[in-house]
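Novice: Quick one: the structure is below, questions incoming.
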Amino acid sequence: MTPDLQGGSDGQTQEVFQEVARSARGQCVVSVVGDSLRCPGGGAVRGHGWHGHVRFWSAQDRSAAPICAEKGVPSHDVFSDVFRMLDPAAFEQAFRGFVAAFAEFHGLDLSGVFAIDGKSLCGAYERGKSTLPVHLVNVFAAKARLALAARKAPGRNESEAALEVLQMLRLKRKIVTADALFCSRSFAKTVLERGGNYVLALKKNQGKLFADVEQRFARKGERDTAEQLQEATHDRREKRRATIMRDTKLAEQHNFPGIAAIARITSWRRRKGCPADKPFVRYFILSTYVSAKRLIEIVRSHWSVENQMHWILDVVFAEDANRARKDAAPENLALLRRLALNLLRTHPEPISMRRKINAAAWDDTFLLSLLGQKR
């Protein structure tokens, strides 16, 4: 929104865009000459034109094109400068505030499972460093199917980013799920301090704890068990058996905050025309006891962050192909894509995500109905 739409003057609007609309190489500095703008070496800039609610300027010759786009549409360099300069922390804070108000207005349920998982922006790397892309840690509300928050991993350390993103969330009466990468004492402690509970995948990166949990299930003891037989899809049939046991001693033995129960899920898969695969066993630690049936639901809910968020971002939004890599641009554009994902998902039109994007590009009425959800 430009200053004149907020009660400011048109002169303030020009000042804002003069600061932003500069060449990426620093070749042009816009100056005001009477009613027109001038760019050194680029000739006079034609009059002002409105494009939507934002005022841009069009260049009289192509040497000024990097800062002033043709026909009233800003160039890619203008967009690049804007998103590189935005403070990602402030932008993310505004995003979280918007999502909370958006969910409340639309009656979306933000209770239940918060799935935390990391994702790399495969195109966000400096030349010659394709193995070092930017990493983000995302939070996804499984029940509401909304992206809640994202944080850049400092030094590509996803565990540290996860601790930062947990500090930004209200976790009271929420269940936080994460894979074995985040199964750490600091992560568990932070979740509990924020009022939530955790269900964490356990692997051999916590070697002693993992061995004790395996041995505990090998011994007799009171436990709850449930099975789930999934209908055949994609030419395969799957079966899961969940077993959960109360155990509060492990927390003290391993100095791991809040362990109240341990769980095991055994999965079988059989593809059409093939013999059954070997059983796959996974272990979990929980800070609260739940039924075995509920455990299956929670563990399955965690994968919504992959299926309903990361997959959509890669396939529909082509996030991995985006080459923005300078300054704060990767974080800010990633957050913008998550905002678009939330708006598209909550729109009631019963069509696919990709068709909604095309409809918004082709039909102004549909675009306005999509943006109108933000009010």
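The values are calculated or read from the model by the stated rules, or taken from the named source; none is laboratory data. Remember, it's a predicted structure, so these values are computed and weren't measured experimentally. Here the Cβ is made from the backbone with ideal geometry for all residues, glycine too, and neighbour counts use every protein chain on show. Note: accessible area is taken over every heavy atom of the protein model, side chains too, but ligands, DNA and RNA are not part of it. Shrake-Rupley method; radii C 1.70, N 1.55, O 1.52, S 1.80 Å.
Novice: When Ile298 is evaluated against the numbered criteria (1) buried (at least 17 other Cβ atoms within 10 Å of the Cβ); (2) more than 16 Å from the chain's Cα centre (by Cα); (3) modelled with pLDDT under 95; (4) in a helix (DSSP H, G or I), which criterion, by number, is the only one it fails?
Specialist: With respect to (1) buried (at least 17 other Cβ atoms within 10 Å of the Cβ); (2) more than 16 Å from the chain's Cα centre (by Cα); (3) modelled with pLDDT under 95; (4) in a helix (DSSP H, G or I), Ile298 is out only on (3).
Novice: While we're on this one: Between Ala149, Ala161, which is crowded, with 22+ Cβ neighbours inside 10 Å, free of Cβ contacts under 8 Å to residues at least 60 places away in the same chain, in contact with a Lys or Arg (Cβ under 6 Å, 6 or more places away or on another chain) and not in a helix (DSSP H, G or I)?
Specialist: Ala149
Per-residue answers, yes or no, for (1) over 29 Å from Leu344 (Cα atoms); (2) not in a helix (DSSP H, G or I):
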| position | (1), (2) |
| --- | --- |
| Thr177 | no, yes |
| Phe187 | yes, no |
| Val191 | yes, no |
| Gly195 | yes, yes |
| Tyr198 | yes, yes |
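Novice: Could we say that His106 is in contact with a Ser or Thr (Cβ under 7 Å, 6 or more places away or on another chain) and without any contact (Cβ under 8 Å) to a residue 40 or more places away in the chain here?
Specialist: Answer is no for this residue.
Novice: Suppose the filter is in contact with a helix residue (DSSP H, G or I) (Cβ under 8 Å, 6 or more places away or on another chain), assigned to a helix (DSSP H, G or I) and in contact (Cβ under 8 Å) with a residue 60 or more places away in the chain; does Leu341 pass it?
Specialist: Judged against the criteria, Leu341 is a match.
Novice: Restricting attention to segment 200-235, report how many residues are assigned to a loop (DSSP other than H, G, I, E, B) and either open to solvent by 80 Å² or more (accessible area, probe 1.4 Å) or charged (D, E, K, R) (or both).
Specialist: Of the residues in that region, 7 qualify.
Novice: Under the condition of being among the β-branched types (Val, Ile, Thr) and touching a Phe, Trp or Tyr at 6+ places or on another chain (Cβ under 8 Å), which residue from segment 239-273 is surrounded by the fewest Cβ atoms within 10 Å (Cβ to Cβ)?
Specialist: It comes out as Thr266.
Novice: Is at least one residue of segment 171-181 within 24 Å of Ala100 (Cα to Cα) and over 19 Å from the mean Cα position of the chain (by Cα)?
Specialist: Looking through segment 171-181, at least one residue is within 24 Å of Ala100 (Cα to Cα) and over 19 Å from the mean Cα position of the chain (by Cα).
Novice: Only one residue in Ala361, Ala321, Ala328, Ala334 is in contact (Cβ under 8 Å) with a residue 40 or more places away in the chain, surrounded by fewer than 14 Cβ atoms within 10 Å (Cβ to Cβ) and either over 23 Å from Ala150 (Cα atoms) or under 17 Å from the mean Cα position of the chain (by Cα) (or both). Which one?
Specialist: Ala321
Novice: Under the condition of being among the small types (Gly, Ala, Ser), touching a helix residue (DSSP H, G or I) at 6+ places or on another chain (Cβ under 6 Å) and part of a strand (DSSP E or B), which residue from segment 100-129 is farthest from Ala188 (Cα to Cα)?
Specialist: Gly118
Novice: Every residue in segment 274-295 that is touching a residue at least 24 places away in the same chain (Cβ under 8 Å) and surrounded by 14 or more Cβ atoms within 10 Å (Cβ to Cβ), please.
Specialist: Hits for segment 274-295 are Arg282, Tyr283, Phe284, Ile285, Leu286, Ser287, Tyr289, Val290, Ala292, Lys293, Leu295.
Novice: Then there's this: Here is a list: Asn322, Asn332, Asn307. Which entry is polar (S, T, N, Q) and over 19 Å from Arg156 (Cβ atoms)?
Specialist: Only one candidate qualifies: Asn307.
Novice: Only residues that are closer than 12 Å to Met353 by Cβ, open to solvent by 30 Å² or more (accessible area, probe 1.4 Å) and touching a residue at least 24 places away in the same chain (Cβ under 8 Å): list them for segment 306-315, please.
Specialist: Gln308
Novice: If a residue has to be open to solvent by less than 70 Å² (accessible area, probe 1.4 Å) and part of a helix (DSSP H, G or I) to count, how many in segment 344-358 make the cut?
Specialist: 7
Novice: Might you check whether a residue that is buried (at least 22 other Cβ atoms within 10 Å of the Cβ), of a type outside the set (Phe, Trp, Tyr), at pLDDT 90 or above and in contact with a Gly (Cβ under 9 Å, 6 or more places away or on another chain) occurs anywhere in segment 111-120?
Specialist: No, because not a single residue in segment 111-120 is buried (at least 22 other Cβ atoms within 10 Å of the Cβ), of a type outside the set (Phe, Trp, Tyr), at pLDDT 90 or above and in contact with a Gly (Cβ under 9 Å, 6 or more places away or on another chain).
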